[in-house]
Amino acid sequence: MQLIDKSKVKEMIDLLIDQDLYIHLEMTMGAYASHVDSSKHPAATFISNAVIRYTHGSISGNGPFRVGLKTSQGWIYSEGLTHYEDEDVERLIMAGHDSQGKLIVALQLSREPF
Amino acid sequence: MESRILVVLPHPDDEAFGVSGSLAKYIRDGAQVTYACLTLGEMGRNMGIPPFATRVTLPAVRKEELEASCRAIGIQDLRLLGFHDKTIEFEDQDKLDGSIMELVNELNPSLIITFYPGYSVHPDHDATGEAVVRTIGRMPADRRPPVHCLAFSKNHEETIGKPDVIIDVKEFLLKKMGSIQAHRSQFQAAELLGNKKMPDKDIQDRFGTERFWTYRFE
């Protein structure tokens, strides 16, 4: 994973427009959040290999970044993205890592299931 | 002496801190150990510092780490059961219990090690312990192998009391550190040992004892 290059990510978003894609979308504070600090509210959510299709999408911010993908009936939104997989030319693999390197958010799009 | 031990835990690395020293000791004394790991920890948050794994590559990375950890401990038989991280509590119970029963029938273990249901913090830990206890609880009482449980939730001793199995693993700390360090995406363990060949007193105090509760079936 590399730090996000906005223009590279935008190219990939454009490349994947208007086709059925498998999405992995996730946000997590970690299963031990409230064990480590009882004031923390543990929350996590993910959806894996749902099929989506977007008509328009972009990346914004100066890092951490936001991505919004407009679908025919609604939106896909993710904030806090810091890294992307620069060696993957078929899929868009993005994640946000916190200051300790832990994954806190992920947005992945692929023509094949994950 | 234990002859055949079945360890049932949900994530690669669950063995490292709580049980690896005891397993190394049992194995030194002649035990055959089968480690049934339910998932590949594919939803883990740690990807290394700086991140060298991704959500996509993490399962393969953690599988290799798990194999390295088993080599460090000396575990002879690793089984990957193919369940998905974070989903054990939602999994089809018949399928889950069936896969555990199958192992018990095949191996006829003299001891089973798992998490204490309800006292193990992570939902996958609790669900794994529940599945083991449910499965073994269905066996006739005189055929049940003892189940030793790990527990580490806050204030667990207030309810389940003190551990009844306390194992001194100081002699096996190099193997235990080898297990911990094998999980390099998960633990930044190098600093624990530094360049020292032998674990120092701090490490002996912190990691030299492993504690288990024998599950009491009704």
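Read the figures in this text as sums done on the coordinates, not as results from a lab. From a predicted model like this one, the values you see are computed outputs, not experimental measurements. A quick note on method: Cβ atoms are made from the backbone with ideal geometry, for glycine too, and the neighbour counts reach across all protein chains shown.
Alpha carbons only, please: Rg and Dmax for the protein assembly as shown, in angstrom.
21.8, 67
For a footprinting-style exposure proxy, rank B:Tyr215, B:Tyr35, A:Tyr22 by other Cβ within 10 Å, fewest first. Walk me through the numbers on the way to the answer.
Numbers: B:Tyr215 20, B:Tyr35 25, A:Tyr22 17.
Listing B:Tyr215, B:Tyr35, A:Tyr22 from fewest to most nearby Cβ atoms yields A:Tyr22, B:Tyr215, B:Tyr35.
Excluding residues on the same chain fewer than 8 positions from A:Lys6, give the lysines whose Cα lies under 24 Å from its Cα.
Counting by Cα, and skipping residues close in sequence, A:Lys6 has these lysines nearby: A:Lys70, A:Lys102.
Can you work out ³J(HN,Hα) from phi for every residue in segment B:74-91, in order, using Karplus 6.51 cos²θ - 1.76 cosθ + 1.60 and θ = phi - 60°, giving whole Hz and x for Gly and Pro?
For segment B:74-91, the Karplus curve yields x, 4, 7, 9, 10, 10, 9, 8, x, 7, 9, 3, 6, 10, 4, 5, 9, 5 Hz.
Using only Cα positions of segment B:4-88, each an equal point scatterer, no hydration layer, compute I(q)/I(0) via Debye at q = 0.18, 0.20, 0.25 Å⁻¹ and quote the log10 values to two decimals.
-0.74, -0.88, -1.21
Read phi for every residue in segment B:148-158 and hand back ³J(HN,Hα) as whole Hz from Karplus 6.51 cos²θ - 1.76 cosθ + 1.60, θ = phi - 60°, with x for Gly and Pro.
9, 10, 8, 9, 8, 5, 4, 6, 5, 5, 4
Using a Debye calculation, one point per C-alpha and no hydration shell, please list log10 I(q)/I(0) for segment B:92-138 at q = 0.19, 0.22 Å⁻¹ in order.
-0.57, -0.74
So who's got an amide H within less than 5 Å of the one on A:Ile4, skipping anything under 5 residues away but keeping other chains? H placed 1.01 Å off N, in plane.
Answer set, sorted by chain and number: A:His83, A:Tyr84.
When only C-alpha pairs under 8 Å and at least 6 residues apart count, what is the relative contact order of chain B, in percent?
On the way: 392 pairs, mean separation 60.7, N = 218.
28 percent.
For chain B, set up a GNM with springs between Cα atoms under 10 Å and report which of B:Pro163, B:Pro51, B:Pro123 has the largest fluctuation.
B:Pro51
Can you bin segment B:1-47 into rounded, prolate or oblate? Criterion: square roots of the alpha carbon gyration tensor eigenvalues sorted a ≥ b ≥ c, rounded for a/c under 1.5, prolate for a/b above b/c, oblate for the rest. Numbers along the way, then the final one.
On the way: a/c = 4.17, a/b = 2.18, b/c = 1.92.
Taking the square roots of the gyration eigenvalues as a ≥ b ≥ c, segment B:1-47 is prolate.
Could you let me know the centre-to-centre spacing of segment B:78-131 and segment B:7-46, using Cα atoms, in angstrom?
13
B:Lys175: which lysines have alpha carbons under 18 Å from its alpha carbon, excluding same-chain residues fewer than 8 sequence positions away?
Here the lysines satisfying the reach criterion relative to B:Lys175 are B:Lys25, B:Lys196, B:Lys197, B:Lys201.
For B:Tyr35, list long-range residues whose amide hydrogen, built 1.01 Å from N in the peptide plane, is under 5 Å from its own amide hydrogen.
Excluding prolines and chain starts, which carry no amide H, the hits are B:Val7, B:Asp77, B:Leu78, B:Arg79.
With every atom except the alpha carbons ignored, what do you get for Rg and Dmax of segment A:2-110, in angstroms?
Rg then Dmax for segment A:2-110, in Å: 14.4, 44.
What is the gain in length, in nm to one decimal, between A:His35 and A:Arg66 on full extension, counting 0.36 nm per residue of separation less the C-alpha to C-alpha distance? Walk me through the intermediate numbers first.
Details: separation 31, 0.36 × 31 = 11.16 nm, distance 2.96 nm.
That works out to 8.2 nm of additional length.
Can you tell me how segment B:4-214 classifies by the Cα gyration tensor, rounded, prolate or oblate, using a/c under 1.5 as the rounded cut? Walk me through the numbers on the way to the answer.
Numbers: a/c = 1.56, a/b = 1.21, b/c = 1.29.
Verdict is oblate for segment B:4-214.
Compute the acute angle (0 to 90°) between the alpha-carbon long axis of helix A:6-15 and the principal axis of greatest extent of the alpha-carbon atoms of chain A; round to the nearest 10°.
50
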